[in-house]
1. How much mean residue ellipticity at 222 nm does the chain get from its helices, if each DSSP H run of length 4 or more adds -39500 (n - 2.57) and you divide by all residues, to the nearest 500 deg cm²/dmol?
2. Is the range 200-255 best put as rounded, prolate or oblate by its Cα gyration tensor, with a ≥ b ≥ c the root eigenvalues, rounded for a/c under 1.5, and otherwise prolate when a/b is larger than b/c, oblate when not?
3. Please work out the C-alpha center-to-center distance from the range 177-255 to the range 102-151 and express it in whole Å.
4. Can you find, among GLY52, LEU227, CYS142, the residue sitting farthest towards the positive end of the charge dipole of the chain, where Lys and Arg contribute +1 and Asp and Glu -1 at Cβ?
5. Based on Cβ point charges of +1 for Lys and Arg and -1 for Asp and Glu, what charge dipole magnitude is obtained for the chain about its Cα centre, in debye rounded to the nearest 20?
6. Remind me, relative contact order of the chain in percent, using alpha carbon pairs under 8 angstrom and six or more residues apart?
7. Straight-line reach from LYS36: which aspartates and glutamates fall under 19 Å, measuring Cα to Cα and dropping same-chain residues less than 8 apart?
8. With everything on Cα atoms, drop me the angle between helix 111-121 and the longest principal axis of the chain, reported from 0 to 90° to the nearest 10.
Amino acid sequence: MHDGSLRHHALSAFDHPGEISDARRLTVRNLTFTAKGKNLLTGLDLRLGSSGMTVVMGPNGAGKSILLRLLHGLIPASEGSIAWGGQPVSGATRARQALVFQSPVLLRRTVAANIDFVLSARGTRSRSRRDALLDHVGLWDCARQPARLLSGGEQQRLALARALATDPEVLFLDEPTASLDPASVLRIEEIVKDAEARGTRIFFVTHDISQARRLAHDVLFLHRGRLVEHAPANLFFSQPESPVAQDFLEGRIVV
């Protein structure tokens, strides 16, 4: 099994040694998650720097969504440790992060009210801030419309706007474009890339190899609950080291 230090020399571009306290820096040691007597993640070791977009890939059941929930502190690890900027996962670390699910859960209110709710909870409610966020994701014209009447792609953009309203240092995205039309996919990718360019650390789960090629700076490849490979995107897609990753990229493993 490979750990997160694999090809560390090629990953140095994602490291900033002078920023040890940066809450976007991640260190994972022996991370294991067990449910109903079965290890769903086993012995994961990983170190990641404070910038870039890490794409998490692997077949169904590999442990991708579980990993995101563990990193965000939504579920506790069975063994091992997770540290952000040297600090364990806590309410304080979660407050600096946001997670967008594949199927967003929106408030049964207007589009604008969904953003107002988040801004109010953060103590930063501002009409200009809200309108700027809605304009950024292309939903300003829908501000007074009930959120439940939005299309699937529009709902996901609203979920992204809510996440961005918290000014997250780390943003987790769990297959945010699954089942969306190509135009919606590209629109969401542009929003995510803009967030990354502004300094947000991104973790993006996807089954879509083409999407991963477009977005990834580095790739975490999971299989059967283990971290099989971690490499810069160009090396992972051109020279995967593990046979299972090669099979996945060539379509011989059903996702």
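The values are calculated or read from the model by the stated rules, or taken from the named source; none is laboratory data. Since the structure is predicted, the reported quantities are computational estimates derived from the model, not experimental observations. Note: ideal-geometry Cβ built from the backbone for every residue, glycine included; neighbour counts use all protein chains shown. When the accessible area is computed, the model is the full protein with side chains, heavy atoms only, and any ligands, DNA or RNA have been set aside. Shrake-Rupley method; radii C 1.70, N 1.55, O 1.52, S 1.80 Å.
1. Only helices count here, giving -9500 deg cm²/dmol.
2. Verdict is rounded for the range 200-255.
3. 28 Å
4. CYS142
5. So the dipole magnitude of the chain works out to roughly 880 debye.
6. Relative contact order comes out at 28 percent.
7. GLU79
8. 70 degrees
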